[in-house]
1. Would you confirm whether or not the range 44-56 contains a residue that is over 30 Å from residue 170 (Cα atoms) and touching a residue at least 24 places away in the same chain (Cβ under 8 Å)?
2. Which ones in the range 125-178 are surrounded by fewer than 17 Cβ atoms within 10 Å (Cβ to Cβ), in contact (Cβ under 8 Å) with a residue 24 or more places away in the chain and part of a helix (DSSP H, G or I)?
3. Find all pairs meeting these conditions: Cβ atoms under 7 angstrom apart; at least six residues apart or on different chains; first residue within the range 87-114 and on the phi > 0 side of the Ramachandran plot and in a helix (DSSP H, G or I); second residue surrounded by 14 or more Cβ atoms within 10 Å (Cβ to Cβ) and modelled with pLDDT of 95 or more.
4. Determine, yes or no, whether residue 69 is surrounded by 11 or more Cβ atoms within 10 Å (Cβ to Cβ), under 30 Å from residue 158 (Cα atoms) and at pLDDT 90 or above.
5. Can we say residue 54 is out of contact with any helix residue (DSSP H, G or I) (no Cβ under 8 Å at 6 or more places or on another chain), loosely packed, with under 14 Cβ neighbours inside 10 Å, on the phi < 0 side of the Ramachandran plot and modelled with pLDDT under 95?
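The values are calculated or read from the model by the stated rules, or taken from the named source; none is laboratory data. Source: prediction; values computed, not measured. Heads up, the Cβs are rebuilt from the backbone with ideal geometry, glycines too, and the neighbour counts pull from every protein chain shown.
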């Protein structure tokens, strides 16, 4: 009879209720952004071809929504292993060595995200007085996607790091394989 590894059991713990709330809220914000983007583009195309009129602001709004979608979705993609990664080294090592490499990867990623948060805040501050060409919005509001998205990704990284370091496994989403070709 084998005994379970306590470190692995702790690392594969189920998500807490606030973590489930965070993931659900994050998903619904993304669904809302993509849905509104699609609706705006479809309405604009129909309007252009059916009535000869194009809403000039749609392209600008949907571009900024796409930026926010990319940054807000990065953390959820991280949770399931959806980002490009080279894991040949960790897979070729013994379990202890693989855990050390994965721990180093998490540390480097966390430091990188902290730097992106810091630089993103500076960039948003830099662009705050600049206005978008069509709508006259502050570019700083668009650029806030950078630090907010990086902070959200860092939070998601923090929530999954222990399990990923211990097991090398990502979260599973039924019917979805981010690593499939």
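1. Here is the first cut: in the range 44-56, the residues over 30 Å from residue 170 (Cα atoms) are 44-56.
With the extra rule that they be touching a residue at least 24 places away in the same chain (Cβ under 8 Å), the set shrinks to 56.
Yes, there is a match, as at least one residue in the range 44-56 is over 30 Å from residue 170 (Cα atoms) and touching a residue at least 24 places away in the same chain (Cβ under 8 Å).
2. Of everything in the range 125-178, those that are surrounded by fewer than 17 Cβ atoms within 10 Å (Cβ to Cβ), in contact (Cβ under 8 Å) with a residue 24 or more places away in the chain and part of a helix (DSSP H, G or I) turn out to be 155, 158, 162.
3. none
4. On the way: surrounded by 11 or more Cβ atoms within 10 Å (Cβ to Cβ): yes; under 30 Å from residue 158 (Cα atoms): yes; at pLDDT 90 or above: yes.
When the stated conditions are applied, residue 69 passes them.
5. Details: out of contact with any helix residue (DSSP H, G or I) (no Cβ under 8 Å at 6 or more places or on another chain): no; loosely packed, with under 14 Cβ neighbours inside 10 Å: yes; on the phi < 0 side of the Ramachandran plot: yes; modelled with pLDDT under 95: yes.
In short, no.
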